[in-house]
1. Here are several values of percent of Cα pairs over 45 Å apart: [x] 7; [y] 33; [z] 26. Which one was derived from the coordinates shown?
2. Need the full-extension length gain, Leu121 to Ala38, defined as separation in residues times 0.36 nm minus the C-alpha distance. One decimal, nm.
3. Based solely on its DSSP helices, what 222 nm [θ] is calculated for the chain when runs of n ≥ 4 H residues each add -39,500 (n - 2.57) and the sum is averaged over all residues, nearest 500 deg cm²/dmol?
4. What length, rounded to one decimal in nm, is gained on full extension from Val453 through to His157, with 0.36 nm per residue of separation minus their alpha-carbon distance?
5. Where does helix 114-123 land angle-wise versus the long Cα axis of the chain, in degrees 0 to 90, nearest 10?
6. So what's the Cα pair-distance distribution over segment 304-378, bin width 10 Å, in %?
7. For Ile153, what residues show an amide H to amide H distance below 5 Å, using hydrogens built from the backbone and excluding near sequence neighbours?
8. Can you give me the Rg/Rh ratio for segment 329-413, using Cα atoms for both radii and the Kirkwood formula for Rh?
Amino acid sequence: MDENLAIMDEDEVHADRVAAILHAVEAGDTGRLTGLMAPLHAADVADLLEQMDPHDRRALLALWSGGIDGDVLSELDWSIREEVIDALPDAVVAEAVRTLDTDDVVDILEDLEPEGQEKILDALEVADRVAVEQALAYPEGSAGRLMQREVVIAPEHWTVGDAIDYLRAAENLPDQFYHVILVDPRMKPVGYVTLGRVLSARRDVALRAIVEDSFRTVSATDPEGDVAYMFNQYHLISCPVVDAGGRLVGVITIDDAMNVLDEEHEEDLLRLAGVGDESSIADGVWDTMKARLPWLAISLVTANIAALVVAQFEATIAQVVVLAALMPIVAAMGGNAATQSLTVAVRALATRDLTGANAWRVVRRELAVGLLNGMAFAIVMAGAAYALFGAPMIGAVIGLALIITLIVAALAGIVVPLALDRLGFDPALSSGTFVITLTDVIGFFAFLGLATVMLT
């Protein structure tokens, strides 16, 4: 209870702050606005900008443009990032991006039009611009796009004392780093040492003597999804990135890898819901409509397929009118069961927990779950139908139909995404339509077919 009250109080404080900020923007009170915005974290500033309508957002940026830094730009949702950058003076944008690591700059550039990209690139120092352009030369969605060029390296023959002296004397270390990467004379990484072990070891200890067992490298062309999986699977903090010749070109840190996992999870969720993989509450009416219209159109087509099945049993429904009242129960139960199974399967495929090695075991489990759930609800609905309509055969029909429907729903939710994944299609994007259509068609066919045989 106390925790819920604390959350409510925090929400109220946030709402009051937003209202005060909007009032200051409307009044053109720069001093008041600066006082309200200054304590906010960059992520909170980004959230605030995303929640505002475009008119208020432009007004706030006009009054408080100097408060926007690189961290805010990095935290902004892609859907409004270009709008914010266009609204800022060039000098503010230049100062903001100069404070970012190369991986954050690349992340911003990927979502911008060519004109916006050039504006950012022009603001960078020559060395940083070259590093960013080299990163952009790698395929989209690859480790080369995800990595940062700022790396702390040490020759493999150094001691702890050598490394400490170097770190203290260096002027341009990354803002955040976790490992000192050891390289051979050809700049190939051979291991890494955590900062904690460097600080706790004696100065005369060789760095090679305290390297981490978790050391791995990834190629700059590896898909970022594979990299994120490696971080999650092996509990990595950072990972060196190498080129085709095995030479060190950058490093990926855990925050970037976790961002990839979060984005993939969000994309899967949005695709399963049929709203596009880049939908955002900041999108306009037209963009939102365009993202949803194709999937609604597909749903309309599949609904008509189910309607055609129902139409084949028009005579049965005319004789036993109560069937029309019970059909939605079959469809709803099948749809819910299919969604449950499908969601688990798509997520398991994304995390690589569902593979060819254990697929048959999972299919058998879903078959058993569908059968048991079907039997349980068949008993319930058979009794309810008998109580309501006084016809035991109607109860038998709805009960048997539910068993068949829930078995099909559970199986389809696993088998369809597995099959699509084997064929090279994205199961999150394609499965929902096939699974729901299959479940509805077979569910209606089973229910009305059994009714035709048993009641007419």
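1. Here the calculated entry is [y].
2. Extra length available between Leu121 and Ala38 comes to 27.1 nm.
3. Calculated at 222 nm, the ellipticity per residue is -22500 deg cm²/dmol.
4. Stretched fully, the Val453-His157 segment lengthens by 98.2 nm.
5. Long axis of 114-123 versus the principal axis of the chain: about 30 degrees.
6. Taking every Cα pair in segment 304-378, the percentages come to 15, 35, 27, 17, 6, 0.
7. Counting only residues 5 or more places away or on other chains, the set is Ile181.
8. Checking Rg against Rh, the ratio lands at 1.12.
No value in this document is a laboratory result; all are computed from the given coordinates. A quick note: this is a predicted structure, and the numbers were derived from the prediction, not measured. Glycine gets a Cβ as well: all are built from the backbone with ideal geometry, and neighbour counts include every protein chain shown.
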